[in-house]
1. Between LEU124 and VAL39, what is the label-to-label distance in nm when each label sits 7 Å out along the Cα-to-Cβ direction?
2. For THR153 and ASP173 in one chain, what is 0.36 nm times their gap in residues minus the Cα-Cα distance, to one decimal in nm?
3. Estimate the FRET efficiency between PHE97 and THR117 by the formula 1/(1 + (r/R0)^6), using the beta-carbon distance for r and 25 Å for R0, to the nearest 0.05.
Amino acid sequence: MKSYIAVLFMMLSSVGVSSSAAVASIIVTFDTSTPPPLVAGSFGTIDVLIESDDSDVLNLFQVDVTLTPIGPSPAGGLKFTATQSDAQLIDPTYVFFGNSLTQNTNDPPTTPTFVGTVNGAGDLFSAFDATDDGSGPPPLAGLSSPVTMLLGTQYLLFRLDLDAFAAGTYEIDVVAIPFSTGFFDELFN
């Protein structure tokens with residue numbers, strides 16, 4: 001008999017990113033797990049998606065997400081994989097595809113540099129990336145190269161790798177930590 005893990009997804013919106021002409025809202029959503037549902041003793045992924053309710057410019061993001069057991073589900077029954085694969089970096093739907101600071105500052109390009117980190121308990125993932133035009137010799141950054149997110153287009157923000165240890169129901173949320181979670185249209189040099 002298989003035990004299943006249900007992961008509840010929350011649609012969250014964040015305070016908008018400002019540009020010189022207008023303020024737009026950034027909308028973050030969690031896609032369904034792959035495979036749906038996750039089975040205890042296996043692993044899977046969840047795509048975190050981003051879109052804007054207006055055309056908006058994005059140059060940098062830092063987002064913290066947590067896993068929380070619901071009801072009688074055991075703590076630690078679902079965890080973020082300790083070392084994330086960062087599979088979004090090679091996905092053409094990634095918001096910074098080919099324009100990622102993480103990719104363009106690797107020296108040599110095969111040296112792993114991670115888009116995020118997982119805390120020791122496996123229930124908090126902190127994601128970060130910025131744009132980089134690749135003009136700097138690795139590991140030095142090049143010039144920032146902001147991305148215009150088009151109205152009505154969803155982009156992959158990052159992909160979460162998960163390990164399912166026990167059956168249960170879990171909620172995933174964006175954590176609103178001041179000066180931690182945010183979306184910006186320029187780098188602060």
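We did not get these values from a lab; they are worked out from the coordinates using the rules stated. Quick caveat, the model's predicted, so the values are computed rather than measured. Methodologically, a virtual Cβ is constructed for each residue, glycine included, from the backbone with ideal geometry; neighbour enumeration extends over all protein chains shown.
1. About 3.4 nm separates the two model spin labels.
2. Working: separation 20, 0.36 × 20 = 7.20 nm, distance 2.18 nm.
The span from THR153 to ASP173 would gain 5.0 nm if fully extended.
3. Efficiency at R0 = 25 Å is approximately 0.70.
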